[in-house]
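Asker: One structure, as structure tokens, below. Some questions next.
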Amino acid sequence: MFDSGLGGLTVLRALIDLLPSESVDYFGDTGRFPYGTKPAGEVAKYSLQIADVLIDRGARLLVVACNSASAAALDALADHVDVPVVGVIEPGVRAALRATRNGRVGVIGTVGTISSGAYQRAFAAASPDLEVSCAACPGFVEFVETGDVDSDQVHVLAERLLAPLREAEVDTVVLGCTHYPLLARTIGDVMGREVVLVSSADETAFAVRELVGRRSRGEAARARRRFITSGDVDTFRRLGARFLGPEVEHVEAWSWS
């Protein structure tokens with residue numbers, strides 16, 4: 001499993017809860033964070049590099065726990081590796097279709113994810129009559145990565161960025177970035193209690209379970225979870241505990257040079 005940083009740990013949390021006996025290697029590419037502002041070709045290049053690292057370590061399934069990477073590189077990854085590849089966009093779309101009542105859905109994500117059109121295409125294919133409104137939210141990821149998820153500054157930014165979705169009267173909002181569940185309280189306050197917030201984390205974990213199967217490979221206590229980061233190890237360990245919990249203990253440093 002990989003992400004540009006720490007947000008993918010929200011997907012890992014859901015996966016651990018659903019499949020506690022599965023071992024996981026998680027790569028957080030915090031040294032090259034963020035992905036959302038980078039060109040799609042660059043994000044695809046980084047994704048293929050990380051895939052090679054994880055496959056070399058014995059991965060038998062690859063989870064792209066990053067919306068930017070899912071939008072830019074999912075097809076390339078599927079062609080590049082000989083194991084199943086699961087992204088976070090399609091699962092999030094399926095969850096939103098179940099949740100909406102008025103047929104108006106909002107999607108928030110990084111500039112790269114929204115401009116890629118990946119969510120727009122996925123919704124159009126799944127439900128052509130659905131009204132989809134998208135909003136890029138620059139700044140959200142950076143706040144989360146520094147551990148600031150509920151300050152006045154974050155709230156003011158959310159009010160400004162989410163205004164188009166309120167005007168569109170959406171009743172469901174897809175959190176189109178794995179960092180955004182950490183901002184769910186602020187986003188919910190701005191959008192209102194009647195609006196359902198959809199995170200792809202749980203739905204992605206269900207998709208993984210379908211591929212892995214229901215077999216058990218041993219006791220959950222013996223499941224191996226390794227964390228690798230291309231950035232600062234201490235920062236990853238400290239902030240990672242906010243996303244995942246005490247499982248983030250042993251973190252390995254990785255250098256691309």
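Asker: I need to check one value: relative contact order of the chain, counting alpha carbon pairs closer than 8 Å and at least 6 residues apart, in percent.
Answerer: After rounding, I find 29 percent.
Asker: Given bins 10 angstrom wide, list per bin the percent of all Cα-Cα distances in region 89-199, short to long.
Answerer: 15, 53, 28, 4
Asker: Compare the Cα positions of Thr113, Leu97, Ser151 along the charge dipole of region 92-162 (+1 at Cβ of Lys, Arg; -1 at Cβ of Asp, Glu; about the Cα centre) and return the one farthest towards the positive end.
Answerer: Sorting the options by dipole projection puts first Leu97.
Asker: A further question on this structure: Let me make sure I get this right: for region 161-253, a, b and c are the square roots of the gyration tensor eigenvalues over alpha carbons, sorted descending. Under 1.5 in a/c it's rounded, otherwise prolate if a/b > b/c, else oblate. Which is it?
Answerer: Note, shape of region 161-253 comes out oblate.
Asker: Just add up the charged neighbours of Gly139: K/R +1, D/E -1, any other residue whose Cβ is under 12 Å from the Cβ of Gly139.
Answerer: With Lys, Arg at +1 and Asp, Glu at -1, the net is -2.
Asker: Select from Arg242, Arg160, Arg94 the residue whose mean-square fluctuation is largest in a Gaussian network model of the chain (Cα-Cα springs shorter than 10 Å).
Answerer: The residue with the greatest mean-square fluctuation here is Arg160.
Asker: Remind me, relative contact order of region 89-199 in percent, using alpha carbon pairs under 8 angstrom and six or more residues apart?
Answerer: Once divided by the residue count of region 89-199, the mean separation gives 36 percent.
Asker: With N denoting the number of residues in the chain, provide Rg(C-alpha) divided by 2.2 N^0.38 Å, to two decimal places.
Answerer: Ratio of Cα Rg to 2.2 N^0.38 Å: 0.96.
Asker: Cβ under 15 Å from Gly240's Cβ, Gly240 left aside: what net charge do those residues give with Lys, Arg +1 and Asp, Glu -1?
Answerer: -3
Asker: To continue, here is another question. For Ala76 and Arg209, FRET efficiency with R0 = 30 Å and r from the beta-carbon atoms, rounded to 0.05?
Answerer: According to the calculation, E is roughly 0.75.
Any read-out appearing in this document is the output of simple, stated calculations on the displayed coordinates, not a laboratory observation. From a predicted model like this one, the values you see are computed outputs, not experimental measurements. Every residue, glycine as well, gets a Cβ built from its backbone with ideal geometry; the counts of neighbours run over all protein chains shown.
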